[in-house]
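Written out below as structure tokens is the structure these notes cover.
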Amino acid sequence: MAGPIARRARDVVVIGAGPAGLTAAYELTERGLRPTVFEADEVVGGLARTVLRDGWRFDIGGHRFFTKVRAVQELWEEILGPEDFLLRPRMSRIYYHGNMFDYPLRAFNALKGLGLIETVRCFLSYAWAQVSPPTDQSTFEGWVSARFGRRLYGIFFKTYTEKVWGMPATRIQADWAAQRIKNLSLSKAVTNAILPRRNQKDVTSLIEEFHYPKCGPGMMWEKARDICEGRGARIVMQARVTKVHHRSREVVGVTVESGGVAERVPASAVISSMPLSDLIVALDPPAPHDVVGAAGLLRYRDFLTIALIVPREKGFPDNWIYIHDPDVSVGRIQNYGSWSPFMVKQGRTCLGLEYFVTRGDGLWSMSDEELIELAKRELAQLGLCDESDVEGGYVVRMPRAYPVYDETYKSALRVIRNWLQAHLGNLYTVGRNGMHKYNNQDHSMYTAMCAVDNILGASNDVWSVNVEADYHEELRP
């Protein structure tokens with residue numbers, strides 16, 4: 001039976017039906033509440049959706065179902081049964097100058113592929129970085145150069161990273177680097193090779209397998225939606241929240257536009273996963289000028305996937321390959337058949353070429369036909385597949401896929417957080433875009449779990465989720 005706090009929280013509104021929003025709805029309905037979820041798009045799952053085109057399934061960005069958060073793992077297992085999960089091998093590599101390198105980098109594999117002369121240069125550069133590291137390690141370039149040396153940084157990190165963010169690596173902040181990049185110790189690798197120790201035990205290990213829904217990550221969120229609706233939640237699609245109304249330091253409702261009709265909906269609390277900049281602009285009455293100004297400084301990077309159908313033998317074993325070649329625009333290539341055989345068709349696979357873009361730029365504005373031709377040319381240019389092998393293609397555009405960690409975002413975020421926490425105690429921001437934070441799917445889910453607990457009387461610091469400087473795919477015994 002719901003307690004007094006839960007009874008006061010019956011009219012909870014959740015904005016967004018991605019991993020964070022649907023996790024919030026799931027947790028609320030499990031506690032006997034019946035939230036209303038508003039989703040601006042026509043499908044659930046957000047960035048973790050699965051796109052279906054003519055029987056082909058595409059994962060937007062690639063979503064490994066691995067987490068260090070026990071509560072998230074248990075929730076995944078509650079939503080999907082073991083018959084819907086596959087155990088998949090983890091494999092990703094870097095393409096550089098026609099060679100493939102393991103990723104995360106393995107010292108001898110990387111140096112062997114570079115050749116003797118370049119190996120010596122990289123080792124000397126690495127050694128110098130240990131003696132005289134860059135003074136400023138607050139940027140991505142400084143952080144990586146200090147740990148790998150400038151030469152390895154230039155080979156294995158600079159090109160790809162600048163493709164992703166569309167700006168020089170000297171402007172990208174280092175906040176997320178430790179969580180995304182596993183460190184590399186050349187000195188330890190050489191020492192262990194020359195003087196191997198018996199019974200050596202690694203202090204860390206990488207995940208070598210992960211679970212994956214057999215029909216893609218959207219399968220998880222479609223099932224979560226069905227469960228929530230079965231428990232009494234109302235999930236309204238193609239419904240955009242345009243206003244968030246507040247008075248006396250509390251949110252009291254939202255205005256939603258759907259089918260050209262605007263409706264005001266009361267709310268005892270709001271859990272928002274909409275882009276944080278949009279949330280601030282939607283506040284009614286408006287937030288102070290400095291808060292609105294800070295919201296205007298938050299930037300996003302958009303995303304294109306061009307999926308090309310090819311014979312199965314033209315694929316590769318990797319889940320994805322990072323393309324560190326400045327002569328092509330593609331940044332990463334997925335093989336959907338390596339994620340799950342249920343996503344492709346008999347005798348065929350689908351290669352997803354991923355482009356990091358900004359809405360309105362040249363790539364974003366190209367027609368689907370032009371983009372498919374570009375992807376075919378670049379696939380052939382990389383030597384991965386001939387243009388004549390491509391049997392068809394599809395284009396998927398995903399706006400606001402990545403919150404940008406530039407030189408202004410941190411101070412802007414601080415202004416927004418401080419004002420929201422001081423003035424709107426029943427408004428909870430969750431998820432990647434809701435917090436302008438480079439969360440993985442599991443972190444987005446956990447922020448929603450913490451927010452629901454707070455609605456029901458807890459005092460979790462939601463902003464402390466995903467702040468550890470620890471590589472996300474590294475396990476410690």
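Only the coordinates and a few stated rules stand behind these numbers; no lab work does. None of these values were measured; they are calculated from a predicted model. Cβ sites come from the backbone with ideal geometry, for glycine too, and all protein chains shown count toward neighbours.
At-a-glance table
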{"read-out": "Volume per residue of the C-alpha convex hull in the chain, rounded to whole Å³", "value": "166 Å³"}
{"read-out": "Percent of beta bridges antiparallel (DSSP, the chain, rounded to nearest 5)", "value": "75 percent"}
{"read-out": "Protection-proxy order for peptides 147-153, 54-60, 118-124, each taking the mean of Cβ atoms within 10 Å per residue, highest first", "value": "147-153, 54-60, 118-124"}
{"read-out": "Gap separating the Cα centres of region 365-442 and region 319-356, nearest whole Å", "value": "17 Å"}
{"read-out": "Two-site FRET efficiency, Ala71 against Arg231, from Cβ-Cβ distance with R₀ of 22 Å, rounded to 0.05", "value": "0.70"}
{"read-out": "Relative packing of 278-285, 130-137, which averages over residues the other C-beta atoms within 10 Å, highest first", "value": "278-285, 130-137"}
{"read-out": "222 nm mean residue ellipticity, helices alone, for the chain (DSSP H n ≥ 4; -39,500 (n - 2.57); rounded to 500)", "value": "-10000 deg cm²/dmol"}
{"read-out": "Cα long-axis angle, helix 19-30 against the chain (0 to 90 degrees, to the nearest 10)", "value": "40 degrees"}
